[in-house]
Amino acid sequence: MTRKVLIANRGEIALRALRACKELDLKTVAIYSTGDKELKHLRLADETVCVGPASPLKSYLNIPAILSAAEVTRADAIYPGYGFLAEDADFAEKCEASGFVFIGPSSSVIRQMGDKITAKDLAEQSGIPIVPGYRGILPKDEIALKKIASDVGYPIMIKASAGGGGRGMRVVREEAELVSSINLTQQEAKNAFGNDTLYLEKFIQNPRHIEIQIVADGKGHAIHLGTRDCSMQRRHQKVIEEAPAQDVNAEALEITLNACLQLCKSISYSGVGTIEFLYENNQFYFIEMNTRIQVEHPVSEMITGFDLVKAQLKIALNMGMTLDQNEIIFRGHAMECRINAEDPETFVPSPGLISKMHPPGGFGVRFDSHIYSGYVVPPHYDSLLAKIITTANTRESCIKRMVSALDEFFVDGIQTNHSLHQKLLKDQTFCSNKHDINYLEEVFLSS
Ligand code: MV4
């Protein structure tokens, strides 16, 4: 009997999910807000349901409306994508309780990984290298607090256990700042997450950001699709991502990859996931695990030929998915440029009418995007317009292909960060792969 998936997202990832559903002969329900009536994938879905006004809180984050849409369309499963409710354990739990398959890990695993102290405990138990630090209850007594911090060693990073993705963090460089910084971070965490639990880590000053893509079926099988380097970031927003990460210590990587698979098996992880690391001085340091598909998933797909979104659907819907690491053959290099609707200098969002748009193309060029000539970019959501992904035998030819793709691509009517990418791809530090997570903000954009 044909099964039906409700796609609880918008933009390029909703279109990506719809395409995967069609390839698996799954019926599709697309939800949308009143601010998103012109989204491309709505015309391709079998059914569409408006779940509320443009405000995300009243539509894409509106759990009762989304579950009602699944109910009235008799959907079997709900696909969350990334952002919005993708890592909301309560939403996953409500899907399960309402009789819908949540296309992702179990709500308990989402909850475990959403608690960064628990995630770190589980990582350490699986042999994953972690950032040295302190994860116990922080004492109120200042003397005891200072002792703990000095044992970790300054500079330290204070982090909220309910945080992640750069939220609820603060660097402390000397003891004089410690108590005030802890109190401030605690208050911010309480306000932002309703949970003021903190932990301390040694501050890793000039790391690269390397992540490992895993796929597991919840039945003891887990594979990895290698690494991605996402160091080109601004304010925790990735700008360029690539796979595989180059110039990585082979032995440290092997140990880390095997430990990641061990973690997946130990928690019966089901679905796709990303384990994030800082990488410095040939050392991996676990920072967190993301229990969702990521924006940058295409670069891992292009060097392996493995469709991660179809895998999500097949695992969750028990459609038979053999996960054999021997079947994963890595070939070449892939790179992704995120094209955002924003002023290239100020990064201020630039919504509005795309009067004309032309996509890039050619051998080894993938364009994941929902935009088209005449599309009006709404101001209510994130500014991601398109992902240009190039694949080639080497990193150098990937860059060359990306330069050419960017020269072909244009968007008239709104501003984009297109020109930033054109400059970055010619930058010597980037081309020689010498950049770390601080480079874009502290060097490239400040020069
Ligand atoms: C760190 C760190 C340095 N030292 N932890 C940023 C978001 C979350 N993924 C964790 N993050 C960081 N944790 C220690 N002990 C630096 C960052 C960080 C960062 C990490 C990866 C990619 C970009 C980043 C940008 C700013 C800070």
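The values are calculated or read from the model by the stated rules, or taken from the named source; none is laboratory data. Bear in mind that the values here come from a model prediction, so they are computed numbers and not experimental data. Positions of Cβ are generated from backbone atoms using ideal geometry, with glycine treated the same way; all protein chains shown enter the neighbour counts. Quick note on the areas: whole protein, heavy atoms, side chains included, nothing else; ligands and nucleic acids left out. Shrake-Rupley method; radii C 1.70, N 1.55, O 1.52, S 1.80 Å.
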Within the stretch 306-355, work out how many residues are under 28 Å from K40 (Cα atoms), open to solvent by 20 Å² or more (accessible area, probe 1.4 Å) and assigned to a loop (DSSP other than H, G, I, E, B). 9
(1) closer than 30 Å to R3 by Cβ; (2) touching a helix residue (DSSP H, G or I) at 6+ places or on another chain (Cβ under 7 Å); (3) open to solvent by less than 20 Å² (accessible area, probe 1.4 Å) all hold for P105 apart from (2)
Can you name every residue in the stretch 217-242 that is within 16 Å of the ligand (Cβ to nearest atom) and not basic (K, R)? T227, D229, C230, S231, M232, Q233, H236, Q237, V239, I240, E241, E242
For the stretch 85-93, does any single residue satisfy the condition of being without any contact (Cβ under 8 Å) to a residue 24 or more places away in the chain, of a type in the set (A, V, I, L, M) and open to solvent by 10 Å² or more (accessible area, probe 1.4 Å)? no
Given the condition closer than 22 Å to F84 by Cα and open to solvent by less than 20 Å² (accessible area, probe 1.4 Å), answer yes or no: does some residue in the stretch 252-270 qualify? yes
If a residue counts only when it is touching a residue at least 60 places away in the same chain (Cβ under 8 Å) and open to solvent by less than 20 Å² (accessible area, probe 1.4 Å), which strands (runs of 3 or more DSSP E) contained entirely in the stretch 356-422 have at least 3 such residues? 384-392
Applying the selection to the stretch 272-317, what residues are under 16 Å from the mean Cα position of the chain (by Cα), within 13 Å of the ligand (Cβ to nearest atom) and hydroxyl-bearing (S, T, Y)? T274
Answer with yes or no whether I182 is more than 24 Å from L122 (Cβ to Cβ) and more than 18 Å from the chain's Cα centre (by Cα). yes
What residue, among those in the stretch 278-298 that are touching a helix residue (DSSP H, G or I) at 6+ places or on another chain (Cβ under 7 Å) and in a strand (DSSP E or B), is most open to solvent (accessible area, probe 1.4 Å)? Q283
Here's a check for you: in the stretch 147-181, which residue that is in contact with a Leu (Cβ under 6 Å, 6 or more places away or on another chain) and farther than 16 Å from D196 by Cα is surrounded by the fewest Cβ atoms within 10 Å (Cβ to Cβ)? V152
Which residues, taken from the stretch 227-251, are closer than 27 Å to P344 by Cα and open to solvent by 30 Å² or more (accessible area, probe 1.4 Å)? R234, R235, H236, Q237
Number of the condition not met by P80 [criteria: (1) farther than 22 Å from S270 by Cα; (2) touching a residue at least 40 places away in the same chain (Cβ under 8 Å)]: (1)
Looking only at the stretch 423-442, which residues are in a helix (DSSP H, G or I) and touching a helix residue (DSSP H, G or I) at 6+ places or on another chain (Cβ under 9 Å)? K423, L424, T429, F430, C431, Y439, L440
Could you tell me whether the stretch 37-46 includes any residue that is over 24 Å from R338 (Cα atoms), touching a residue at least 60 places away in the same chain (Cβ under 8 Å) and not in a loop (DSSP other than H, G, I, E, B)? no
Which of the residues belonging to the stretch 59-88 are in contact with a helix residue (DSSP H, G or I) (Cβ under 8 Å, 6 or more places away or on another chain) and farther than 24 Å from R111 by Cβ? S59
